[in-house]
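This report concerns only the one structure given below.
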Amino acid sequence: MQFRTAGAFLALIAGLAAAATPAQARPQLNEQEIRKTVAGKRIYLKVPLGGEFPLHYRTDGQVNGSGDAVGLGRFMQPKDQGRWWVRGNRLCQKWESWYDGKQFCFTLSKGEGDTLYWQRDDGMSGRARIGR
(Lines give C-alpha, C1' and ligand atoms only; values in the text may rest on other atoms or scores of the structure.)
Protein backbone atom coordinates (compact mmCIF):
# COMPACT_ATOMS: atom_id res chain seq x y z
CA MET A 1 0.00 0.00 0.00
CA GLN A 2 1.55 3.31 -1.09
CA PHE A 3 0.66 6.65 0.51
CA ARG A 4 0.94 9.82 -1.54
CA THR A 5 1.58 12.11 1.41
CA ALA A 6 3.38 11.72 4.68
CA GLY A 7 0.33 13.21 6.38
CA ALA A 8 -1.91 10.37 5.21
CA PHE A 9 0.42 7.73 6.57
CA LEU A 10 1.04 9.55 9.84
CA ALA A 11 -2.72 9.98 10.27
CA LEU A 12 -3.13 6.22 9.79
CA ILE A 13 -0.43 5.51 12.40
CA ALA A 14 -2.01 7.94 14.87
CA GLY A 15 -5.47 6.51 14.22
CA LEU A 16 -4.35 2.95 14.83
CA ALA A 17 -2.43 3.99 17.94
CA ALA A 18 -5.51 5.78 19.24
CA ALA A 19 -7.68 2.73 18.64
CA ALA A 20 -5.20 0.57 20.56
CA THR A 21 -4.86 2.93 23.54
CA PRO A 22 -7.66 3.27 26.08
CA ALA A 23 -8.45 6.77 27.32
CA GLN A 24 -6.48 7.53 30.45
CA ALA A 25 -7.88 9.62 33.31
CA ARG A 26 -4.58 11.05 34.54
CA PRO A 27 -3.65 14.56 35.61
CA GLN A 28 -2.37 16.61 32.69
CA LEU A 29 1.11 18.07 32.77
CA ASN A 30 1.35 21.83 33.15
CA GLU A 31 3.52 24.14 31.02
CA GLN A 32 6.62 23.78 33.19
CA GLU A 33 6.25 19.98 33.45
CA ILE A 34 5.86 19.67 29.66
CA ARG A 35 9.09 21.61 29.05
CA LYS A 36 10.97 19.52 31.62
CA THR A 37 9.57 16.29 30.12
CA VAL A 38 10.35 16.88 26.43
CA ALA A 39 13.09 19.53 26.05
CA GLY A 40 16.32 17.90 24.91
CA LYS A 41 14.78 14.42 24.90
CA ARG A 42 13.64 11.81 22.46
CA ILE A 43 10.02 10.80 22.72
CA TYR A 44 9.22 7.40 21.22
CA LEU A 45 5.64 7.14 19.97
CA LYS A 46 4.20 3.64 20.25
CA VAL A 47 3.00 2.38 16.88
CA PRO A 48 0.63 -0.49 16.08
CA LEU A 49 2.11 -3.94 15.51
CA GLY A 50 5.13 -3.05 17.66
CA GLY A 51 7.90 -0.56 17.25
CA GLU A 52 8.40 3.06 18.14
CA PHE A 53 8.53 6.27 16.14
CA PRO A 54 11.26 8.57 17.57
CA LEU A 55 10.86 12.34 17.82
CA HIS A 56 13.76 14.46 19.12
CA TYR A 57 12.59 17.65 20.87
CA ARG A 58 15.69 19.82 20.90
CA THR A 59 16.10 22.55 23.50
CA ASP A 60 16.21 25.22 20.76
CA GLY A 61 12.56 24.56 19.78
CA GLN A 62 13.34 22.32 16.81
CA VAL A 63 11.83 18.83 16.55
CA ASN A 64 13.19 16.08 14.32
CA GLY A 65 11.45 12.86 13.43
CA SER A 66 12.45 9.74 11.58
CA GLY A 67 10.35 6.81 10.45
CA ASP A 68 13.45 4.82 9.50
CA ALA A 69 13.29 2.91 12.80
CA VAL A 70 9.88 1.46 11.90
CA GLY A 71 10.61 0.92 8.19
CA LEU A 72 8.52 3.77 6.81
CA GLY A 73 10.88 4.70 3.97
CA ARG A 74 8.89 2.73 1.42
CA PHE A 75 5.64 4.56 2.32
CA MET A 76 6.62 8.18 2.87
CA GLN A 77 9.34 10.69 3.41
CA PRO A 78 10.83 8.99 6.48
CA LYS A 79 12.34 12.16 7.98
CA ASP A 80 11.08 15.64 8.69
CA GLN A 81 11.80 18.52 10.98
CA GLY A 82 9.71 21.25 12.46
CA ARG A 83 9.36 23.31 15.56
CA TRP A 84 7.77 22.81 18.94
CA TRP A 85 6.57 25.15 21.69
CA VAL A 86 4.36 25.09 24.75
CA ARG A 87 1.17 27.14 24.79
CA GLY A 88 -0.66 27.06 28.11
CA ASN A 89 -0.65 23.44 29.19
CA ARG A 90 -0.29 22.00 25.68
CA LEU A 91 2.69 20.88 23.61
CA CYS A 92 2.36 22.27 20.08
CA GLN A 93 4.31 21.33 16.97
CA LYS A 94 4.37 22.08 13.28
CA TRP A 95 6.27 19.98 10.74
CA GLU A 96 7.69 21.25 7.46
CA SER A 97 5.97 18.57 5.34
CA TRP A 98 4.31 15.96 7.59
CA TYR A 99 0.60 16.60 8.08
CA ASP A 100 0.94 19.11 5.23
CA GLY A 101 2.57 21.53 7.67
CA LYS A 102 -0.56 21.78 9.85
CA GLN A 103 -0.07 22.75 13.48
CA PHE A 104 -1.26 20.36 16.21
CA CYS A 105 -1.27 20.70 19.99
CA PHE A 106 -1.37 17.96 22.62
CA THR A 107 -2.14 17.54 26.28
CA LEU A 108 0.30 15.21 28.04
CA SER A 109 -0.08 12.98 31.10
CA LYS A 110 2.58 10.89 32.82
CA GLY A 111 2.08 7.19 33.36
CA GLU A 112 4.24 4.75 35.29
CA GLY A 113 7.98 4.92 34.74
CA ASP A 114 8.84 6.54 31.41
CA THR A 115 5.31 6.22 29.94
CA LEU A 116 3.67 9.32 28.53
CA TYR A 117 0.06 9.60 27.33
CA TRP A 118 -0.93 12.21 24.75
CA GLN A 119 -4.16 13.56 23.36
CA ARG A 120 -4.13 15.69 20.25
CA ASP A 121 -6.45 18.70 19.90
CA ASP A 122 -8.57 16.77 17.38
CA GLY A 123 -9.24 14.02 19.96
CA MET A 124 -6.70 11.45 18.78
CA SER A 125 -4.70 9.91 21.61
CA GLY A 126 -1.90 7.46 22.19
CA ARG A 127 1.06 6.43 24.27
CA ALA A 128 4.77 7.17 24.13
CA ARG A 129 7.99 6.48 26.00
CA ILE A 130 10.31 9.19 27.25
CA GLY A 131 13.92 8.60 26.23
CA ARG A 132 17.09 10.55 26.84
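The values are calculated or read from the model by the stated rules, or taken from the named source; none is laboratory data. Please read these numbers as outputs of a predicted model, since none were measured by experiment. Please note: Cβ atoms are built from the backbone with ideal geometry, for glycine as well, and neighbour counts cover all protein chains shown.
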Qualifying positions in the range 106-132 - over 10 Å from the mean Cα position of the chain (by Cα) and hydrophobic (A, V, I, L, M, F, W, C): LEU108, LEU116, MET124, ILE130
Residue that is nearest to HIS56 (Cα to Cα) [pool: residues in the range 78-110 that are in a helix (DSSP H, G or I) and out of contact with any strand residue (DSSP E or B) (no Cβ under 8 Å at 6 or more places or on another chain)]: TYR99
Residue that is farthest from LYS36 (Cα to Cα) [pool: residues in the range 87-103 that are surrounded by fewer than 18 Cβ atoms within 10 Å (Cβ to Cβ) and not small (Gly, Ala, Ser)]: ASP100
Any hit, the range 25-33, residues being within 14 Å of the chain's Cα centre (by Cα) and either modelled with pLDDT under 95 or surrounded by 15 or more Cβ atoms within 10 Å (Cβ to Cβ) (or both): no
Selection within the range 116-132 - of a type in the set (D, E, K, R) and either within 17 Å of GLN32 (Cβ to Cβ) or outside any strand (DSSP E or B) (or both): ASP121, ASP122, ARG132
Of the criteria (1) closer than 14 Å to LEU116 by Cα; (2) surrounded by fewer than 16 Cβ atoms within 10 Å (Cβ to Cβ); (3) in contact (Cβ under 8 Å) with a residue 40 or more places away in the chain; (4) of a type outside the set (Val, Ile, Thr), which one LYS36 fails: (3)
Search result, residues across the range 41-54 that are closer than 11 Å to ILE130 by Cβ and either without any contact (Cβ under 8 Å) to a residue 40 or more places away in the chain or among the aromatic types (Phe, Trp, Tyr) (or both): TYR44
Of residues in the range 39-56 being of a type in the set (A, V, I, L, M) and surrounded by fewer than 17 Cβ atoms within 10 Å (Cβ to Cβ), the one nearest to PHE106 (Cα to Cα): ALA39
Flag for GLY113 being closer than 21 Å to GLY40 by Cα and outside any strand (DSSP E or B): yes
